[in-house]
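The values are calculated or read from the model by the stated rules, or taken from the named source; none is laboratory data. Predicted model only: the values in this text are computed from it and were never measured. Cβ placement follows ideal geometry from the backbone for every residue including glycine, while neighbour counts extend to all protein chains displayed. Note: accessible area is taken over every heavy atom of the protein model, side chains too, but ligands, DNA and RNA are not part of it. Shrake-Rupley method; radii C 1.70, N 1.55, O 1.52, S 1.80 Å.
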Amino acid sequence: MENVKCECGHVNPHGTIFCEACGKPVQNEEENQSEKEKKTLLDMRYEGSARRSQTYNKTIVDKIWNFFSSVKVGIWIIVVLLVASALGTIYPQELYIPPAMNPADFYEQEYGITGRLYYQLGFHNLYGSWWYMILIAMLGISLIICSIDRVVPLYKALKKQGVTRHESFLKRQRVYGKNTVENIDKDFENAKEKLRKKHYSVREENGNILAEKGRFSRWGPYVNHCGLILFLIGAMLRFVPGMYIDEVLWLREGETASIPGTDGKYYLKSEQFLVEVYEKGKEKEVFDEAIELAGNAMVVKNYQTDVTLFERTDEIIPGVEPELKEVKSHEIRVNEPLKHDHYAVYQVDYKLNEFSTMSFTMVDKETNQEFGSITINLNDPQDKYDLGNGYSIELASYFPDFFFNDEGEPATKTKIPNNPAFVFKMYAPDKPEGEISFVAIQQNIEPVGENKYKMAFSGIDMKNVSGLTVRRDFTLWILALGGAIFMIGVIQGSYWHHRRIWIQRKNNEVIVAGHTNKNWFGLKNEIRYVLADTEIAEPIDQVDAKNKENKESKEG
């Protein structure tokens, strides 16, 4: 598309509404307007400059550009994101369900068909789902294209604006006035001096004046966009491996485990877990009152895990015990994490007296003769236990969190030993084929007929468990920088205003016009101050004048 040359000699891009230099409406635009339209105020949002999205619409690139440059499209993307985020709060995210539970089974068991649909649509891991990431990316693309589509032509138009403006441009400003002045030079000098006192940048050309200040406030919305784009980039980087880690680690007393997210580099050992509670009569009076209000229930004062951090010194080989070097010891409390190598381990939860081991004795039911005992590690049970003298036990099935499912068969809710149950196969010299026994808490069932032997409960060992969260965040500074830039844009666009005042002479007549992007009351006050003590008449607000005229005509 060809450029359009104005009568002032400036060449404007196709699609420009009024000349970037003198402000005169372009030839085709002016010819096609009615007299009424020529009296309407100019749309000064982008200085009448040609935007790519409103000029080109032929190629696929043009259509994509025009789609994402639409503010309506950007708003709809935000609406969809808000609705999706709201739906993601209906049920807990996968991060907050029992860690040993299969998410597909958990949501269906807890919430039925809606829970299954919730899982299948990816709402259980909303912020990491592919379609949510696509929406975030679309919002970022929309912000970038919207900004480029508007800021580039706006910058060019403001940079090229001339001091002397066409009279039709001045007439179609909201603040406009014209009158005859005898001593023009003196009044112009007084006006220039007062404009500089108001911190205007004054430019002169052919005896005409353009006073301008606060232009940088026009870039406030685009600074906002830059901050938002940076913030979205930081949010998306959280799903790049290694950039963001937020993992849960349940650690039992005396246990050493690999720290999630460290790729086997670091290990953590729980030396002990401590819980302190408020004791009535031994605390301040206010705590005694709180304990009474709680029904004399246990009120926790502090809970902590004393840990030792180890670093692996050998290569990771499957099946080979790691060689560990002690790094440091630390007492992890709430808001007092263990920090090392950009990792932070927080104390977030605990569980007292979790089943650790259970002991059983093989007994002759008639004579009560014992043939040996076994101790089962509930978190890592063995398949077979040898009692000697031809007696042995095989662990046929193990249900850490036992319950009967809808078919009446034994199953487990989680892998945590909250309610352990076992299917034992007992071998003896006189029972070489073995006898089957189902044993649970306060249950001993013989499913295939009466047995000679039974597994009698003989003891249990319990341990405290620490709920820890492992975090590492390399995106935090990006998010903080994006938020800071966004706030700078908010302040820039909210507390400063772009104001321009044109004072032009034509023979013995003086034309005054003004424009601002906001706070017209402030602009009119400054014009009133500048023109005081001069013969130049104060311009009128054409919008207010028109509203007043319409009101009087209705009353008449």
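Here is a yes/no grid of residues against (1) surrounded by fewer than 17 Cβ atoms within 10 Å (Cβ to Cβ); (2) over 46 Å from the mean Cα position of the chain (by Cα):
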{"site": "S397", "(1), (2)": "yes, no"}
{"site": "F402", "(1), (2)": "no, no"}
{"site": "E409", "(1), (2)": "yes, no"}
{"site": "T414", "(1), (2)": "no, no"}
{"site": "N419", "(1), (2)": "yes, no"}
{"site": "V423", "(1), (2)": "no, yes"}
{"site": "M426", "(1), (2)": "no, yes"}
{"site": "P432", "(1), (2)": "yes, yes"}
{"site": "V439", "(1), (2)": "no, yes"}
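When residues in region 331-350 are screened for being open to solvent by 60 Å² or more (accessible area, probe 1.4 Å) and either β-branched (V, I, T) or more than 31 Å from the chain's Cα centre (by Cα) (or both), 3 of them pass.
Considering K463, K415, the condition of being in contact (Cβ under 8 Å) with a residue 60 or more places away in the chain, basic (K, R) and under 24 Å from E394 (Cα atoms) is satisfied by K415 alone.
May I ask you to list the residues in region 310-326 that are open to solvent by 50 Å² or more (accessible area, probe 1.4 Å) and either within 28 Å of P417 (Cβ to Cβ) or aliphatic (A, V, I, L, M) (or both)? Hits for region 310-326 are I316, I317, P318, G319, V320, E321, L324. Return the pair list, or none, for Cβ contacts closer than 8 Å from residues in region 536-556 that are closer than 30 Å to I209 by Cα and of a type in the set (D, E) to residues that are surrounded by fewer than 14 Cβ atoms within 10 Å (Cβ to Cβ) and modelled with pLDDT of 90 or more, at least 6 apart or on different chains. Every condition considered, the pairs that remain are E538/R528.
Close Cβ contacts (under 6 Å, 6 or more residues apart or on different chains) running from residues in region 349-362 that are in contact (Cβ under 8 Å) with a residue 12 or more places away in the chain to residues that are in a strand (DSSP E or B) and β-branched (V, I, T) comprise K351/V465; E354/V465; T357/T375; M358/I376; M358/I460; S359/T375; F360/I374. The residue list V299, V363, V307 contains one member that is closer than 24 Å to D246 by Cα, surrounded by 11 or more Cβ atoms within 10 Å (Cβ to Cβ) and hydrophobic (A, V, I, L, M, F, W, C), which is V307.
Residues of region 426-477 that are in a loop (DSSP other than H, G, I, E, B) and farther than 22 Å from F355 by Cα: P429, D430, E446, P447, V448, G449, E450, N451, K452, F474, T475.
The residues on offer are R500, R471, and the sole one that is in contact with a His (Cβ under 7 Å, 6 or more places away or on another chain) and among the charged types (D, E, K, R) is R500.
Only residues that are in a helix (DSSP H, G or I) and in contact with a helix residue (DSSP H, G or I) (Cβ under 6 Å, 6 or more places away or on another chain) were counted in region 489-517, giving 3. Here region 518-555 is the region considered, the condition is being over 18 Å from K186 (Cβ atoms) and part of a loop (DSSP other than H, G, I, E, B), and the residue that is least open to solvent (accessible area, probe 1.4 Å) is P539.
Once region 25-55 is narrowed to residues that are hydroxyl-bearing (S, T, Y) and over 20 Å from Y155 (Cα atoms), the residue that is modelled with the lowest pLDDT is S34. Here D149 passes the criteria (1) of a type outside the set (A, V, I, L, M); (2) within 30 Å of G23 (Cα to Cα); (3) under 17 Å from the mean Cα position of the chain (by Cα) except the one numbered (3). For region 202-239, the tally of residues that are at pLDDT 95 or above and of a type in the set (S, T, Y) stands at 0.
Among the residues of region 441-460, those that are in contact (Cβ under 8 Å) with a residue 24 or more places away in the chain, open to solvent by 70 Å² or more (accessible area, probe 1.4 Å) and closer than 30 Å to W250 by Cα comprise F457, I460.
Considering only region 239-247, I want to know if a residue exists there that is surrounded by 14 or more Cβ atoms within 10 Å (Cβ to Cβ), among the hydrophobic types (A, V, I, L, M, F, W, C) and within 30 Å of N507 (Cβ to Cβ). No, region 239-247 contains no residue that is surrounded by 14 or more Cβ atoms within 10 Å (Cβ to Cβ), among the hydrophobic types (A, V, I, L, M, F, W, C) and within 30 Å of N507 (Cβ to Cβ). Take the conditions (1) of a type in the set (S, T, Y); (2) modelled with pLDDT of 85 or more; (3) not in a strand (DSSP E or B); T414 misses just one of them, which is (2). Using the structure shown, decide if I511 is surrounded by 13 or more Cβ atoms within 10 Å (Cβ to Cβ), over 36 Å from the mean Cα position of the chain (by Cα) and of a type in the set (V, I, T). In short, yes. For region 176-230, a residue qualifies if it is assigned to a strand (DSSP E or B) and more than 18 Å from Q161 (Cβ to Cβ), and the qualifying residues are G177, K178, N179, T180.
Figure legend. Inter-residue proximity from region 303-332: first residues over 30 Å from V275 (Cβ atoms), second residues open to solvent by 70 Å² or more (accessible area, probe 1.4 Å) and assigned to a strand (DSSP E or B), beta-carbon distance below 6 Å, spacing 6+ or different chains. Indicated pairs: T313/K325.
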